[in-house]
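The values are calculated or read from the model by the stated rules, or taken from the named source; none is laboratory data. Owing to the predicted nature of the structure, the values given are computational and were not obtained by experimental measurement. Positions of Cβ are generated from backbone atoms using ideal geometry, with glycine treated the same way; all protein chains shown enter the neighbour counts.
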Amino acid sequence: MSYSCKKELLVLVGPMGAGKSTIGKLLAQELAYKFYDSDKVIEERCGADIPWIFDVEGEEGFRNREAVVIKDLSMKKSAVVATGGGAMLRQDNRDYVTRTGYVIYLNTSVEQQFQRTCKDKNRPLLQGKGDEAYEVLTRLMQIRDPLYRQVADLVVETDRKNLKAVVAKILKEVCENA
């Protein structure tokens, strides 16, 4: 099926564990768009994984790299971009994605985030936290949720939702012929 979307760039924002990468891939496949995961692009350009970048350059160094990638990806057409959970912390990133893309906030509860991320070794902000990871996720959500809502053209709940149903909802809201 051929779709006509409100914008040629769909940008997924939200916390870690919301399903941005998984839903983004499915959405891109359905639209016959190219899919980009900003964290993966950073890793490809740097030649190192995100935990290594955090270790060597700190969060500020990572965020600087992320800003360059978000700017570049915001210029894409016929694309779905999944951003990292902290990408919307910077005003420049918020400006880039809202100027050129249709922004979809994939919202999920802290409980769901914890279940989806607690064993993931590729999440620097949760490493070595053990039982404190839940509190870290809660604190991050308090800071970031207003930023996600600020940029969002659409908010979609992903808690205990079927992935295909989430994609169908997005297509219905964002594209004609859905």
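Points to keep in mind about this one:
- Whenever a residue of segment 128-155 is small (Gly, Ala, Ser), its partners that are at pLDDT below 80, lying with C-beta atoms within less than 7 angstrom and at least six residues away or across chains, give the pairs Ala133/Phe114; Ala133/Cys118; Ala133/Leu126.
- Filter result (out of contact with any Pro (no Cβ under 9 Å at 6 or more places or on another chain), modelled with pLDDT under 80 and in a loop (DSSP other than H, G, I, E, B)) within segment 123-178: Gly128, Lys129, Asn177, Ala178
- Taking residues in segment 85-102 that are at positive phi and touching a residue at least 60 places away in the same chain (Cβ under 8 Å), and partners anywhere that are crowded, with 23+ Cβ neighbours inside 10 Å and not in a strand (DSSP E or B), not one pair has Cβ atoms closer than 7 Å while being at least 6 places apart or on different chains.
- Spans of helices (runs of 4 or more DSSP H) in segment 33-103 with at least 2 residues touching a Phe, Trp or Tyr at 6+ places or on another chain (Cβ under 6 Å) and either under 26 Å from Pro146 (Cβ atoms) or of a type in the set (A, V, I, L, M) (or both): 50-73
- Candidates Gly86, Gly17, Gly24 - the one that is out of contact with any helix residue (DSSP H, G or I) (no Cβ under 6 Å at 6 or more places or on another chain) and modelled with pLDDT under 95: Gly86
- Here Thr22 clears all of (1) touching a Ser or Thr at 6+ places or on another chain (Cβ under 9 Å); (2) in a helix (DSSP H, G or I); (3) not hydrophobic (A, V, I, L, M, F, W, C) except the condition numbered (1).
- Restricted to segment 59-107, and to residues there that are of a type in the set (S, T, N, Q) and buried (at least 23 other Cβ atoms within 10 Å of the Cβ), the residue that is nearest to Arg139 (Cα to Cα) is Thr83.
- Which numbered condition Tyr3 fails, given (1) under 15 Å from the mean Cα position of the chain (by Cα); (2) farther than 14 Å from Leu106 by Cα; (3) in contact (Cβ under 8 Å) with a residue 24 or more places away in the chain: (1)
- For the residues Leu31, Leu9, the requirement of being more than 13 Å from Val167 (Cα to Cα) and buried (at least 18 other Cβ atoms within 10 Å of the Cβ) singles out Leu9.
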